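> Quick one: the structure is below, and I'll ask about it shortly.
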């Protein structure tokens, strides 16, 4: 099973080499893209092999480098949990690179030399993060990932907004990384090692011996991971950074990169902490943070008119869902392992699903941007007529994120909400949170109906000359939309491995989700039909009903008429009579005006007195030099250059010396 | 074989210096040649003495016969000296290489005619000799002699342009570092009077009370040389020097002499009294924050970098102080920081040089959007700044991390306190540096910055090598620092 690790190593090496090679071809825009794509393809194949080798049992460890004096070593290992996230990274990276090949034509001013090589390095570091089992090297991969993504966010160098966003992103996440470094060092103080195993042991020992310190350390870790994941308020970087990045990168950011924060949270709460009553508190904190994020994030998304910014806020919202599931799972780990399994499975599955639909949405928004140059929904409309593929895939992904059955978003949200409600019977807080989550699902649907309605529907000028995007940009969108449908109908495909991941990471023989029966739906291993959901059965019923209604319509012989909209007889250009995005949901917007406060950060002002105090030259050295200078001046006045005066000095000196001698003797 | 190589390495730059004076306008090839050979010798010397410290005494001072029995002048190469050599000599070569392109009449900030070449390369190569001599010193006396020679070279090179400001700055630097040197001399005299020896090991023969004083005097000398609070004010003014000099003397090499002295004294016998260690660490922390406070008001890019240098020398001293308190890991981190910071900060300074060469200004407010016309410089600057501020996986992250882990080895609340202070400083300086980097290189190009740029190849080559150094420095330094310690 060491093989799996070797495959990942090969994959990372391919990406690094690919980054250098694509740099060589940087002058030729398209060629550079295709070369990078070829390398990402090769690396994804190897990552895929690794995932296949480790998705049920953890692979062996492989140690590459050792730093004995720091108690650290670069040791790689893949367990089922990292395999799931590796699969996400590989797929999303592959599709976004393919998409970017043509998409990058959109940026005429900026060279691709600062896109593709860095994108490849970013993917390499994401892969590294997932297979590392040593916290020092984890941090290194983690921060490499941050810094490469920073350069991708600031890609448009002449756009002031992208620089502001990049700066905010890097500073906030670097602060979070430093928090994690502090936590790791505090742990290292007792354990002397950075390996994950040592962290687990030390942390669990510390929880009983020094609970305050232990919880402070957990909090620092939590801060670090949650910031990257985009939980509010630390995730404030997210709505700025996502829109300004090139769309391929936005898809990678939202689909894969922020997921690594979730990966970290799962590792922290399920693997670093032994199962103990103290997990309950953290479970509640996680669930509350998640609910806060999903509430604020989604409701703020309702107000947006910029497509990508809207989707970024939804990322915050969906991450909130994942965290809610995670929180419920962590809360239940101690007492109700079956419920914990449902909630955790929901959380992990939602991470996978979110990668599919959110990347698809960002790519769709990118396609619109590519053809129209617009992200502002008020200025868009009627694109369905010109861009059928983009419209179709975006619709599927929108319905999926809103949790419309039988698409994949529904399955995972269902598991999360079911976990909430079932746990809520024992601890009512979760009941409330579950209901909020349900309600917010509706708000998600509403906000994506706005996107679909204002961007794709309505009428547009026929002679705008907008076409569907090139085939290499359609393929990734279609693949992702297909995944949304596929994983919605057959959630077993992923849930089997999620079960292994939960078992592996919590080190408990919990009741995994039984996903072997295709028609029977989802059961727990022990057979209890909680969280029952059988997509195929329900889909069949829906299909039969649809057929039935179609048959009734045919039988009734009703005719459909297609007539233009009547504007009281006046003639208008299509753009002026469209229902604009900013007019949607006005009452909502008024009701939740101040839900997302924003402020400006000013350059720090330094107090003037302190500045003067620190200016040593001013009050110490210049006066000293002046005193010495004046003193020297005074002394030099005695040198008048007249021989007689000097003789006088000598005589006076002689007298004084003689006097002193006499006085001493006598 | 080692002795001739070491002696050759010491003499060769001096020969080059004399040649430069003779050749005047044609000094550049000679300077590059000698510096290159010296670098080769230094690398060879490091490899051949790796793991086996080498001492060989060569010369004597006739007037000390009868008082000191052993020879006084010689060669001493241990991991610490090797590490110093690997900072001083290769960056010296790069500086010479960079200068050949930078100091020409094409420079828009300070055009330099070829009639000044002789003088410039004489002092520069002499400085390499003096740093090499100091690095391989077997005792305090030789150390002091070369130490003073570096001060002299620094004075001459700061005042190179010979205008009002640079003359003042040179004189100020000379005054302040000499004041520190006086304490150095005092410490040596005390040691000599008490033990009849100039050896580093003589430190441990001193009685406890006196040793505290000696260490304090060394510390003051180090503060002056390494521009630490309260003697830090000469370094920002010294930025009047030509940029390669700022990169080499005032970031990578000469200011490192001060911290090298402390590393040397602390590691020979580990007899530093805890009080002095605490003082050194405390002042280092103070320095770091005082320097940080000056970041926000600098408009001159080089002065900003100078304050950052001050802070990072503080880091080195902090690491050494932690080592003095008993955590060897901290000492190793501090010493590793010498090489990591040397390469990273040199990168930044050379980038500042490129900017000044092309645009004729160093004022941050007058620069914007340079990334488009100078992609290589922009890349190097960002790598340099990420490295200096300790972002993994670049060089300074490793050394900072080792210093912090060393701090965590100390008992009591000191470790966590240092951790919190250092991490907050790291975040603030990182944020500010990134802000400055973005301001200079990103954004729409300003009119003043729109210059048809044609940067000479020598300057680009330097930057590329240094960028590699920003990543590879810990790979070189780590094996060396592993050999240090009790």
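The values are calculated or read from the model by the stated rules, or taken from the named source; none is laboratory data. Everything numeric in this text was worked out from a predicted model, so none of it was measured. Backbone-built Cβ (ideal geometry, glycine too); neighbour counts: all protein chains shown.
> What is the one condition in (1) more than 21 Å from residue B:249 (Cα to Cα); (2) surrounded by 24 or more Cβ atoms within 10 Å (Cβ to Cβ) that residue B:347 does not satisfy?
The failed condition is (1).
> Oh, and also: Out of region B:307-337, which residues are within 14 Å of chain A (Cβ to nearest Cβ) and farther than 16 Å from residue B:408 by Cβ?
Scanning region B:307-337 gives B:307, B:310, B:311, B:335, B:336.
> Go through A:80, A:117 for me and flag whichever is touching a helix residue (DSSP H, G or I) at 6+ places or on another chain (Cβ under 7 Å) and within 24 Å of residue A:51 (Cβ to Cβ). Outline the logic, then answer.
Working: A:117 fails: within 24 Å of residue A:51 (Cβ to Cβ).
Going through A:80, A:117 in turn, just one is touching a helix residue (DSSP H, G or I) at 6+ places or on another chain (Cβ under 7 Å) and within 24 Å of residue A:51 (Cβ to Cβ): A:80.
> Among the residues of region A:73-89, count how many are farther than 17 Å from residue A:498 by Cβ and surrounded by 24 or more Cβ atoms within 10 Å (Cβ to Cβ).
1
> For residue B:393, only one of the following conditions fails: (1) within 11 Å of chain A (Cβ to nearest Cβ); (2) on the phi > 0 side of the Ramachandran plot. What is its number?
The number of the failed condition is (2).
> Output the number of the condition that residue A:45 fails; it satisfies all remaining conditions of (1) within 14 Å of chain B (Cβ to nearest Cβ); (2) at negative phi; (3) surrounded by fewer than 22 Cβ atoms within 10 Å (Cβ to Cβ).
Among (1) within 14 Å of chain B (Cβ to nearest Cβ); (2) at negative phi; (3) surrounded by fewer than 22 Cβ atoms within 10 Å (Cβ to Cβ), the lone unmet condition for residue A:45 is (1).
> Considering region A:362-395 alone, what residues qualify as being over 15 Å from residue A:454 (Cα atoms) and buried (at least 24 other Cβ atoms within 10 Å of the Cβ)?
A:362, A:363, A:366, A:367, A:393 - these are the residues of region A:362-395 that are over 15 Å from residue A:454 (Cα atoms) and buried (at least 24 other Cβ atoms within 10 Å of the Cβ).
> Let me ask you something else. Do you know which residues across region A:568-591 are closer than 21 Å to residue A:456 by Cα, assigned to a loop (DSSP other than H, G, I, E, B) and more than 36 Å from the chain's Cα centre (by Cα)?
Result: A:572, A:573.
> Looking at region A:155-209 only, could you name the residues that are within 11 Å of chain B (Cβ to nearest Cβ), under 26 Å from the mean Cα position of the chain (by Cα) and not in a helix (DSSP H, G or I)?
Passing the criteria: A:155, A:156, A:157, A:158, A:159, A:194.
> With (1) within 12 Å of chain B (Cβ to nearest Cβ); (2) in contact with a helix residue (DSSP H, G or I) (Cβ under 9 Å, 6 or more places away or on another chain) as the list, and residue A:97 as the residue in question, which single condition is left unmet?
It fails just one condition, (1).
> If you don't mind, there's one more thing I want to ask. Pick out the one residue from A:640, A:601 that is more than 30 Å from residue B:172 (Cβ to Cβ), within 14 Å of chain B (Cβ to nearest Cβ) and either at pLDDT below 85 or not in a helix (DSSP H, G or I) (or both).
Within the list A:640, A:601, the selection yields A:601.
> Taking the options B:434, B:385, B:376, B:442, name whichever one is more than 9 Å from every other protein chain (Cβ to nearest Cβ) and either in contact with a strand residue (DSSP E or B) (Cβ under 6 Å, 6 or more places away or on another chain) or crowded, with 20+ Cβ neighbours inside 10 Å (or both). So that I can check it myself, show each step before the final result.
Working: B:434 fails: more than 9 Å from every other protein chain (Cβ to nearest Cβ); B:376 fails: either in contact with a strand residue (DSSP E or B) (Cβ under 6 Å, 6 or more places away or on another chain) or crowded, with 20+ Cβ neighbours inside 10 Å (or both); B:442 fails: more than 9 Å from every other protein chain (Cβ to nearest Cβ).
Result of the check over B:434, B:385, B:376, B:442: B:385.
> For region A:213-222, give me each residue that is surrounded by fewer than 21 Cβ atoms within 10 Å (Cβ to Cβ) and more than 13 Å from chain B (Cβ to nearest Cβ).
Result: A:215, A:219.
> Quick one: how many residues across region A:286-311 are more than 20 Å from the chain's Cα centre (by Cα) and assigned to a helix (DSSP H, G or I)?
Result for region A:286-311: 2.
> Also: Just to check your reading of the model, which residue among B:32, B:112 is more than 23 Å from the chain's Cα centre (by Cα) and within 22 Å of residue B:463 (Cα to Cα)?
Answer to the selection: B:112.
> While we're on this one: Answer yes if at least one residue in region A:43-63 is modelled with pLDDT of 90 or more, in a loop (DSSP other than H, G, I, E, B), more than 29 Å from residue A:362 (Cβ to Cβ) and not assigned by TED's automatic domain parsing to the domain that holds residue A:505, and no otherwise.
No; the residues of region A:43-63 include none that is modelled with pLDDT of 90 or more, in a loop (DSSP other than H, G, I, E, B), more than 29 Å from residue A:362 (Cβ to Cβ) and not assigned by TED's automatic domain parsing to the domain that holds residue A:505.
The rows are residues; the columns are (1) crowded, with 17+ Cβ neighbours inside 10 Å; (2) in a loop (DSSP other than H, G, I, E, B); (3) touching a helix residue (DSSP H, G or I) at 6+ places or on another chain (Cβ under 9 Å); (4) free of Cβ contacts under 8 Å to residues at least 24 places away in the same chain.
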{"position": "B:111", "(1), (2), (3), (4)": "no, yes, no, yes"}
{"position": "B:118", "(1), (2), (3), (4)": "yes, no, yes, no"}
{"position": "B:122", "(1), (2), (3), (4)": "yes, no, yes, no"}
{"position": "B:142", "(1), (2), (3), (4)": "yes, no, yes, no"}
{"position": "B:153", "(1), (2), (3), (4)": "yes, no, yes, no"}
{"position": "B:157", "(1), (2), (3), (4)": "yes, no, yes, no"}
{"position": "B:170", "(1), (2), (3), (4)": "yes, no, yes, no"}
{"position": "B:174", "(1), (2), (3), (4)": "yes, no, yes, yes"}
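> For residue B:403, state whether it is within 12 Å of another protein chain (Cβ to nearest Cβ) and touching a helix residue (DSSP H, G or I) at 6+ places or on another chain (Cβ under 6 Å).
When the stated conditions are applied, residue B:403 passes them.
> Kindly establish whether residue A:614 is touching a helix residue (DSSP H, G or I) at 6+ places or on another chain (Cβ under 6 Å), more than 23 Å from residue A:306 (Cα to Cα), modelled with pLDDT of 80 or more and within 14 Å of another protein chain (Cβ to nearest Cβ).
It is true that residue A:614 is touching a helix residue (DSSP H, G or I) at 6+ places or on another chain (Cβ under 6 Å), more than 23 Å from residue A:306 (Cα to Cα), modelled with pLDDT of 80 or more and within 14 Å of another protein chain (Cβ to nearest Cβ).
> Residues in region A:247-258: is at least one in a helix (DSSP H, G or I) and closer than 24 Å to residue A:438 by Cβ?
Yes - at least one qualifying residue is present in region A:247-258.
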